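Have a look at the structure below, then the notes.
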Amino acid sequence: MSYIQFRDVSKSFGGNTVLKAVSFGIEKGSICGFLGRNGSGKTVIFKLMTGLMVPDSGTISIGGENFGAKGKFPDSVGVMIETPGFIPHYSGIKNLKILNSMSAAPVSAEEIAALMTRLELDPKNRSPVRTYSLGMRQKLGIIQAVMNKPELLVLDEPMNSLDDRSVRLVRELFAELNGRGSTIVLASHIAEDIESLCTKRFRIENTSITEVTA
């Protein structure tokens, strides 16, 4: 059985069907990418996968546990979906420390600072997050998703607003985390992100999902 398994999952909003009886599996320890135009359903898939949304029908299992209609948040998951949200008048590192304190697997302040430095955010910078550029906020969102070493990482357009150097640093970080055993699921409108990182790829189109084999 796949680590993540969708079976005949459907989701509609009003009269708009986004997903219709989709089924797919993702193996543990893989990096899986989802391709699709804006509005195709990538974010809906990720919200279903993380328990932020429940399907109208069908079942979703992660690690053998059924999440189909429970709305339960999976254990040991790091998530970045849509725009990262932070307390705007706190610094980047203070935001991360607060989130870390609420984790079931908190890490040291030194590990948080090291991750910030790796993605070229200064942990000593006490400027409030509201003054951060879009790229800085995006990197902070990536750090909050990965810092507690989750078994599963779900990342919606993680490269948004990043310059070329930052994209390279983030790709290297994801590859290292995957090498340590994390299963990573990501969506990107940049084909190179998917091609360079992912061992399995899916395309979402017209309410259905197909595996990309070429």
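Summary of computed values
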{"item": "Checking LYS149 against (1) closer than 22 Å to PRO123 by Cβ; (2) surrounded by fewer than 18 Cβ atoms within 10 Å (Cβ to Cβ); (3) more than 15 Å from the chain's Cα centre (by Cα), the condition it does not meet", "result": "(3)"}
{"item": "Subset of the range 62-88 [more than 17 Å from the chain's Cα centre (by Cα), in contact (Cβ under 8 Å) with a residue 60 or more places away in the chain and not in a loop (DSSP other than H, G, I, E, B)]", "result": "none"}
{"item": "Exclusive hit being modelled with pLDDT of 95 or more, closer than 29 Å to GLU192 by Cβ, hydroxyl-bearing (Ser, Thr, Tyr) and over 16 Å from the mean Cα position of the chain (by Cα), set SER23, SER30, SER91, SER101", "result": "SER23"}
{"item": "Counted residues, the range 107-133 - those being more than 14 Å from MET80 (Cβ to Cβ), in a loop (DSSP other than H, G, I, E, B) and either modelled with pLDDT under 95 or among the hydrophobic types (A, V, I, L, M, F, W, C) (or both)", "result": "2"}
{"item": "Selection count where residues are farther than 14 Å from CYS32 by Cα and of a type in the set (A, V, I, L, M, F, W, C), scope the range 160-189", "result": "5"}
{"item": "Unmet criterion (only one of (1) assigned to a loop (DSSP other than H, G, I, E, B); (2) surrounded by fewer than 19 Cβ atoms within 10 Å (Cβ to Cβ); (3) in contact with a Ser or Thr (Cβ under 8 Å, 6 or more places away or on another chain)) for SER103", "result": "(3)"}
{"item": "Some residue of the range 20-36 being closer than 26 Å to PHE174 by Cα, surrounded by fewer than 22 Cβ atoms within 10 Å (Cβ to Cβ) and among the aromatic types (Phe, Trp, Tyr)", "result": "yes"}
{"item": "Search result, residues across the range 122-144 that are over 12 Å from ASN95 (Cβ atoms), surrounded by 22 or more Cβ atoms within 10 Å (Cβ to Cβ) and not β-branched (Val, Ile, Thr)", "result": "GLN138, LYS139"}
{"item": "Residue count for the range 37-69, restricted to those that are buried (at least 20 other Cβ atoms within 10 Å of the Cβ) and either on the phi > 0 side of the Ramachandran plot or among the basic types (Lys, Arg) (or both)", "result": "2"}
{"item": "Flag for SER108 being loosely packed, with under 13 Cβ neighbours inside 10 Å and more than 25 Å from LYS47 (Cα to Cα)", "result": "yes"}
{"item": "Scan of the range 191-214 for residues that are in contact (Cβ under 8 Å) with a residue 24 or more places away in the chain and among the aliphatic types (A, V, I, L, M), ordered by number", "result": "ALA191, ILE194, LEU197, ILE204, ILE209, VAL212"}
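The values are calculated or read from the model by the stated rules, or taken from the named source; none is laboratory data. All of these numbers come straight from a predicted model, not from anything done at the bench. Neighbour counts run over all protein chains shown; Cβ positions are idealised from the backbone, glycine included.
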